[in-house]
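Asker: Quick one: this structure, given as structure tokens, is what I'll be asking you about.
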Amino acid sequence: MLELKGIYKWVNTGNNRTFILKDINLTVKEGEFISIMGPSGSGKSTLLNVIGMLDEFNEGEYNFLHESVHKMKEKQRSALYKQYIGFVFQAYHLIDELTVYENIETPLIYQDIKSSERKAMVADMLDRFNIVGKKDLFPTQLSGGQQQLVGIARALIAKPKLLLADEPTGNLNSKQGEEIMELFKELNNDGVAIIQVTHSEKNAAYGSRIINLLDGRIEG
Amino acid sequence: MIKHYFKTAWRNLFRQKFTSIINIAGLSIGMAAAVLIFLWVKNEFGFDNYHKDADDIYRVKNYLSISKEDTWVWENSPFLLGENAKQQIPEVLDVCRIRPLGYGTQYFNIKGQFYGEDNCAYIDSSWLHVFNYKFLAGSAQAFNDHPFSMLLTETKAKKYFGNENAVGRMIRIDTVDYQVQGVLADNPANSSFQFDVLVPLAARTENPKNKKNDESWGNFNYITFLKLTPSGDPKKVAGKLKEIIAKQREQNNLDVSLQALKSLRFETDLQNSVMQHSDIKVVYIFAVLGILLLLIACINYVNLTTARATLRAREVSIRKIIGAEKKQLFLQFIAESVMISLLSLIATMLIVQVSLPLFNRFTEKTFALSFGSTDLWIIAGSTLFVTVLLTSIYPALLLSSFKPLAIFRGIHVLKLKDGTLRKGLVVLQFTISIILIVGTIVIYSQLQFVNKENSAYNRSQLLSVSVPYKVWGKYKEEQRVGIMGAFKEELLAQSNIADVSLMNSESIVNMEGSSSGNSTDWDGRAAGFTPAIAFFRVDTSFKNMVNLKMKEGRWYQTGNGADIHNSVLNETAVREFNIHKPVIGQRFVSQGDTGVVIGVVEDFYYKSLHEKIGPVVIRTADENNTTFLIKTAPGKIKEAEKAAATVWKKFYPTEPFSANFLDEEFEKLYRADKKTSTLIWSFSIIAIFISCLGLFGLAAFTAEKRNKEIGIRKILGASVTSIISLLSREFVYMVLLSMVIAFPIAWLAMNKWLENFAYRISIAWWIFLTAAMIALAIAMITVSFQAIKAAMANPVRSLKTE
């Protein structure tokens, strides 16, 4: 599904060049579930953002669904990620002014999907995540676990092929975290590829493959 | 999609209540000021354009050069010019004339009760079809058919006859009975013709004496309008008019031009006029001020919105990540400012509605705000449009431009450029405010100066009573002196009247007449030097009543028979006439009467300070003096007026009595300046208030943003004062910078304004200092309110939330 070849990313501070990513080579197949682990500052999140096309890299090749991302203009890149990639964040990043229902609906609005169709899709999603009763609440009225459910629902509403999750359970207690991980497993079984960044060995074990990062380099 | 935009906008509005309230308050005040100003501006520019043929109507304007030094510009023409123009000039389709019914107030006699009316005029029969009038009752036909007819405006008809039918009712003026033949809709606010009562000219020319007098080519008494053919060239027609008049007059000192009806409002060179005129420059200045006030209000929105942009960065990032295009975000932010502007518009309409009575009193217009009026909606709509344009584009561009990763990088997404722009806008706001403050102080000081200069005598203890020509004209000259003398004696006998002087001029505050010095002569006068002179004819008590100061020589003495040939001059007369030294005793011929100069008085004001004091010749004893200047016992002005009325009734039982209070005359003389003063004052209050609202919001935001920094500083031992100064310093610098920009502009502008006065203050340094102190103090109070709040807060709390 995607392939990173010799990816480098660095910043220049004065005369020094600090590498954030060093020679990353990674291939992800459709339907894979990958966990990225590593200490703070090892470049996990940056790698995830590069895969998600939110961040740029300085050197290397990136092919996504047989298209060369590194040759694309920003506009094409964002069109690509909007179509195929969903994002889940540690801090949920819901829009506080919108209700649960509206948060999930928003991506569809931006894709100009008809109102009746939107209704059906959001209703499906609410059903599936068991949050129908919460649909008119605002994010601040929900627990962390519930907020993350909404975050995932929003990421999935546009039917992405790849879900990128940056420490999705980082702000949750262990029980809530476990539920989210179970959910990811189910999603993965339905065919969605998942790449998650995590600190937890236990959560990492849900994945089919673990990648260890240290100082911007893939270990072992 | 649109629904989604407005829903989000609406929720954001509520989430940021504080900012929203500041935004709406500032915008609605600015917009209300702009709407009111532009209602007025539109009215000024639309003067007299509602007449169907407005484009083809002109008024004859005469320039009479009376000496090398002076040209008199008149709106009046000889009566016969009208007929002659119509007969001899093919381009002239129609002619109509108007003249006031008499000098000053006319008194209606309705069943023995007197009612004063100020705006009455004679019109000839074509007036009503050259100009557009709307008849509510009666007809032009009936009016023109009977010479002693009268038309009333709706308001006046209501005043006299209530809801009853006014047509057919009788009104007596002097000894003539007029029958109401029609009721007209009230004159529009944008009409130069604010006459409430119209009477056919035929009523005047019925009297052969009047007719003979009017038909003399030397009498310029009729305001004459011409309707030209659409292709008629007003310049050519004016040339032909000049020829017609020149043929009839011996002197060839007259020039003629045609004044277009549509720009009649902005005619300012007339010597005097029965219409109200305004200065087009003033209209432009107010239009600019209206735009500036709106701009100041819009700046608040832009500043507060962009300042808070950092708080919106997260939302923008999320939206971009979940699929929003830049265009979609741009429209979302536009929707927000549209929503704020719409809410402000509602508040604006309320403010406008509430302040309208005040505004009408101030403009002396009757603007009505029916919500069906297209004018109102055009103005409100364009104000809204400009507001949306100014408030939306920049913030929307800025906000929608964030890169999605801003979310991970905290709040350092705003570049320095934006902060600088915001400071620049605050500086602009304060520059405008400070200019207005300086303006307010300068105008106030000048008006104080006017008061001080005019304090030679106590105006509040003086009133004047004039006997109209039609009353004393009946008597022979010898009789007049006797009757006036008796009248004066009777007045003096009243306990509340301290002194009385009989004089020729109706006003000593604003003496309007000045005569050419044709029959004035003195030794050493250059041939052909005939300056305009103000002649005062008074009696001996005049000097003490108005506190004239003798510079040389003596004042008139009671009982000195020779004095009636002599003259007293003012300093300017001595200087400009170049009277030989010693001045006292020089031969002086005044209006054909030879005597000597017996005294020189110090210059005194007899006109507004806008005009230079000219040469004044004071003479005594004139049988044509008909105005009594009355000095009252201290604080007894009302009682004195009553006493004068009683005396009047004794002498002229059938004539209406009226008195002029010098205080009121004085007030009238400077009314335009007072208005400017009030306006600039209100504008500066509005500007300062809106600017401070913005500053308040910005300061609150800065304090909020630096919450953590303040917490750390306090834990490290910073004092409350040092934190206040930390937070306020930046704003003080901005205000200081505004001063540097504002002062030269204010200085230039106010000097320009002061040039309207012949006698004026010079702009002193303390005026700038005061303005500086005011601006700084207001800004400091605004900012430090937030700074103190932040500085006093418990640091632990602000750090805990991180």
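We did not get these values from a lab; they are worked out from the coordinates using the rules stated. In this text the structure is predicted, and so the values were computed from the model without any measurement. Note that each Cβ is placed from the backbone with ideal geometry, even for glycine, and that neighbours are counted across all protein chains shown.
Asker: Convex hull over the Cα atoms of region B:482-616, averaged projected area in nm²? Mind showing how you got there, number by number?
Answerer: Values: hull surface 35.6 nm².
Hull-based average projected area comes out at 8.9 nm².
Asker: I'd like the Karplus ³J(HN,Hα) series for region B:559-571: coefficients 6.51, -1.76, 1.60, θ = phi - 60°, whole numbers in Hz, and an x wherever there's a Gly or Pro.
Answerer: Running phi through 6.51 cos²θ - 1.76 cosθ + 1.60 with θ = phi - 60° gives x, 7, x, 5, 4, 5, 9, 8, 9, 10, 10, 8, 4 Hz.
Asker: Okay, moving on. Tell me, what does the Kirkwood hydrodynamic radius of region B:82-163 come to in angstroms if you use every pair of distinct C-alpha atoms?
Answerer: About 14.9 Å, per the Kirkwood formula over Cα pairs.
Asker: If you don't mind, another one. In whole percent, what relative contact order does chain B give with Cα contacts below 8 Å and a gap of six or more residues?
Answerer: About 15 percent, as a whole number.
Asker: Relative to the longest principal Cα axis of chain A, at what angle does helix A:144-156 sit, 0 to 90 degrees, rounded to 10?
Answerer: That works out to roughly 80 degrees.
Asker: Plugging the Kirkwood radius over Cα pairs into Stokes-Einstein for chain A, at a temperature of 4 °C and a viscosity of 1.567 mPa s, what D comes out in µm²/s?
Answerer: In µm²/s, the coefficient is 72.
Asker: Quick check: convex hull over the Cα atoms of region B:634-702, volume per residue in Å³, rounded to an integer?
Answerer: 139
Asker: For region A:3-54, just run the numbers: alpha carbon Rg, then divide by 2.2 N^0.38 Å, N being how many residues it has. Write down the numbers at each step before the final one.
Answerer: Details: Rg = 12.5 Å, N = 52, 2.2 N^0.38 = 9.9 Å.
Normalised by 2.2 N^0.38 Å, the Cα Rg of region A:3-54 equals 1.26.
Asker: Okay, moving on. Send over the per residue convex hull volume for region B:602-749, Cα only, as a whole number of Å³.
Answerer: Residue-normalised Cα hull volume stands at 258 Å³.
Asker: Could I ask something else about it? Taking a temperature of 25 °C and a viscosity of 0.890 mPa s, what whole-number D in µm²/s does Stokes-Einstein yield for region A:6-96 with Rh from Kirkwood over alpha carbon pairs?
Answerer: Translational diffusion coefficient: 167 µm²/s.
Asker: Is there a quick way to get the dipole size of region B:7-63? I mean about its Cα centre, with the Cβ of Lys and Arg at +1 and of Asp and Glu at -1; what is the value in debye to the nearest 20?
Answerer: In total the dipole reaches around 660 debye.
Asker: Compute the angle between helix B:671-705 and the longest alpha-carbon principal axis of chain B, please, reported from 0 to 90 degrees and rounded to the nearest 10.
Answerer: Value to nearest ten degrees: 10.
Asker: Over all directions, the average projected area of the alpha-carbon convex hull for region B:317-405 comes to how many nm²?
Answerer: Mean projected area of the Cα convex hull: 7.1 nm².
Asker: Using R₀ = 60 Å, calculate the FRET efficiency as 1/(1 + (r/R₀)^6) where r is the Cβ-Cβ separation of B:K705 and B:S278; round to 0.05. Show your work: numbers first, answer last.
Answerer: On the way: r = 49 Å, r/R0 = 0.82.
So, using R0 = 60 Å, E works out to roughly 0.75.
Asker: Any chance you could list P(r) for region B:44-92, counting all Cα-Cα pairs in 5 angstrom bins from zero, rounded to whole %?
Answerer: Result returned by the calculation: 4, 15, 17, 18, 19, 15, 9, 3, 0.
Asker: Moving to a separate point now. What is the sum of charges around A:E97, taking Lys and Arg as +1, Asp and Glu as -1, for the other residues whose C-beta is under 12 Å from the C-beta of A:E97?
Answerer: For residues surrounding A:E97, the net value is +2.
Asker: A further question on this structure: Below 8 Å between Cα atoms, with a sequence gap of 6+, how large is the relative contact order for region B:208-264 in percent?
Answerer: Reported as a whole number, the value is 32 percent.
Asker: Order of B:S784, B:S392 from fewest to most other C-beta atoms within 10 Å?
Answerer: Lowest to highest Cβ neighbour count: B:S784, B:S392.
Asker: Next up: Over 15 Å, how big is the tail of the calculated P(r) for region B:4-56, in percent of all Cα pairs?
Answerer: 67
Asker: How much length, in nm to one decimal, is gained on full extension between B:Y103 and B:K752, taken as 0.36 nm per residue of separation minus their Cα-Cα distance?
Answerer: Values: separation 649, 0.36 × 649 = 233.64 nm, distance 3.50 nm.
Full-extension gain reported as 230.1 nm.
Asker: Neighbour counts of other C-beta atoms within 10 Å: give me B:C96, B:C298, B:C120 arranged from fewest to most.
Answerer: On the way: B:C96 22, B:C298 27, B:C120 19.
In increasing order of surrounding Cβ atoms, one gets B:C120, B:C96, B:C298.
Asker: Same structure again: Ratio to report: Rg/Rh of region B:277-317, with Cα atoms as the point set and Rh obtained by the Kirkwood method; give two decimals.
Answerer: 1.41
Asker: Kirkwood hydrodynamic radius, region B:5-104, all distinct C-alpha pairs: what's the number in Å?
Answerer: By the Kirkwood definition, the hydrodynamic radius is 19.9 Å.
Asker: Let me understand region A:175-220 better: what is its radius of gyration from the alpha carbons, and its Dmax, in angstrom?
Answerer: Values for region A:175-220 (Cα only, Rg and Dmax): 11.8, 34 Å.
Asker: A further question follows. Largest first and to the nearest Å, give the Cα extent of region B:534-681 along each principal axis.
Answerer: Here the spans come out as 49, 46, 28 Å, largest first.
Asker: For region B:239-340, what size does the Cα cloud have along each of its three principal axes, sorted from largest down, in whole Å?
Answerer: In descending order, the Cα extents are 92, 22, 18 Å.
Asker: Ok, one more. Can you bin every Cα-Cα distance in chain B into 10 Å intervals starting at zero and give me the percent of pairs per bin, rounded to whole numbers?
Answerer: Taking every Cα pair in chain B, the percentages come to 2, 10, 16, 19, 18, 13, 10, 7, 4, 1, 0.
Asker: What is the helix-to-structure angle for A:74-84, meaning the angle in degrees between its Cα long axis and the longest Cα principal axis of chain A, kept from 0 to 90 and rounded to the nearest 10?
Answerer: 50
Asker: Quick check: residue separation of B:N252 and B:F651 times 0.36 nm, minus the Cα distance between them. What number comes out in nm?
Answerer: 139.1 nm
Asker: Set the Förster radius R0 to 41 Å, insert the Cβ-Cβ distance between B:V732 and B:N360 as r into 1/(1 + (r/R0)^6), and round the FRET efficiency to 0.05.
Answerer: 0.50
Asker: Just round it to a whole percent: the fraction of Cα-Cα distances in region B:588-656 exceeding 17 Å.
Answerer: More than 17 Å apart: 67 percent of the Cα pairs in region B:588-656.
Asker: Be a star and scan region B:625-665 for residues whose amide nitrogen sits under 20 Å from the point 7 Å along the Cα-to-Cβ vector of B:I483.
Answerer: The answer is B:625-630, B:644-660.
Asker: Could you tell me what % of all Cα pairs in the protein assembly as shown have separations over 39 Å? Walk me through the intermediate numbers first.
Answerer: Working: 329846 of 521731 pairs.
When every Cα pair of the protein assembly as shown is considered, 63 percent fall beyond 39 Å.
Asker: Same structure, new question: What is the projected area of the convex hull of the Cα atoms of region B:195-298, averaged over all directions, in nm²?
Answerer: 11.0
Asker: I've got another one for you. Restricting to Cα atoms and excluding each atom paired with itself, what does the Kirkwood estimate give for region B:682-802 in Å?
Answerer: Computed over region B:682-802, the radius equals 16.5 Å.
Asker: Rounded to the nearest whole Å³, what is the per residue volume of the convex hull around the Cα atoms of region A:53-176?
Answerer: On the way: hull volume 16.0 nm³, N = 124.
It is 129 Å³ per residue.
Asker: Would you mind listing how long region B:69-218 runs along its three principal axes, going by Cα atoms, in whole Å with the largest first?
Answerer: Extents along the principal axes: 49, 33, 29 Å.
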